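What follows is a short report on a single structure.
The values are calculated or read from the model by the stated rules, or taken from the named source; none is laboratory data. Since we're looking at a predicted model, the values are computed, not measured. The protein model used for the area step is the full one, side chains on, heavy atoms only, and it has no ligands, DNA or RNA in it. Shrake-Rupley method; radii C 1.70, N 1.55, O 1.52, S 1.80 Å.
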Amino acid sequence: MELAYYSDYAVRLVNSEEPGRGKDALTSVEAVRDLFGGNQQAARRATDADVTRFRSVRGRLRAVFEAADEGEETLAVDLLNSLLLEFPVSPQISGHDHRDEDGRPLWHMHLADHPSNATAGYAAIAAMGLAFHLTEYGVDRLGLCEAAPCRNAYLDTSTNRSRRYCSDRCATRANVAAYRARKRLEAERPDRPARSASTGLAAESAQRATASGER
């Protein structure tokens, strides 16, 4: 498993809150456990005390995305480095769950779960995964959705670094809003003075007369 895969841990945690909408899904130990996905062994270590600790780590991870989104590259790296120092990881070579056609282990790097508490383990994995993604693809690949009020975090994996939204739904919503805004502007523009019917007829008669004289 590639270490960059663990960057999804950071995105899941950051997006458990939607500040612009006043929503927060991280309100119980069950919500904390859900963030671990298939890693149920680590999820079972979560307790009620981890709810508050997870929220604290979430705010610090969001600050990394905010700095990156604003072009503050050095700040984003410094914030991420502080998380790496506080929540160190234990990398291990693993292969027990993956075999090739001949039954031999497919060795890969794995980040071992922290044994003390759920927050430390999750934070270590999320920070290291985000660090690998940042160094592999660049700070500008960390973004926040431009479809207000969403502001969900995302990792830009597009070939031309063009991603601006966290999902197709937000992209569609933003495009529709932009289209409607253009239509409102067009409707608010003052119309050009319309020619009167008599003026129009007189102009047409003059054009016909001119054309007859030129023959």
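Share of the stretch 31-154's accessible area from carbon and sulfur, percent, 1.4 Å? The nonpolar share, carbon plus sulfur, comes to 50 percent.
Heavy atoms of the protein chains alone define the surface here; on that basis the stretch 1-104 has 58 Å² accessible area per residue at 1.4 Å probe size.
Take GLU17: with every protein chain present and a 1.4 Å probe, its accessible area is about 50 Å².
Between VAL176 and SER162, what length in nm is gained on full extension when 0.36 nm per residue of separation is reduced by their alpha carbon distance?
Contour length minus the Cα-Cα distance gives 3.2 nm.
With the cut-off at 1.5 for a/c, could you classify the stretch 20-131 from its C-alpha gyration tensor as rounded, prolate or oblate? Because a/c hits 1.5 or more and a/b fails to exceed b/c, the stretch 20-131 counts as oblate. For MET128, the accessible surface of its heavy atoms amounts to roughly 40 Å² (probe 1.4 Å, protein chains only, rounded to the nearest 10).
Sorted largest first by accessible area at a 1.4 angstrom probe radius, with every protein chain in place, the residues PHE36, PHE132 fall in the order PHE132, PHE36.
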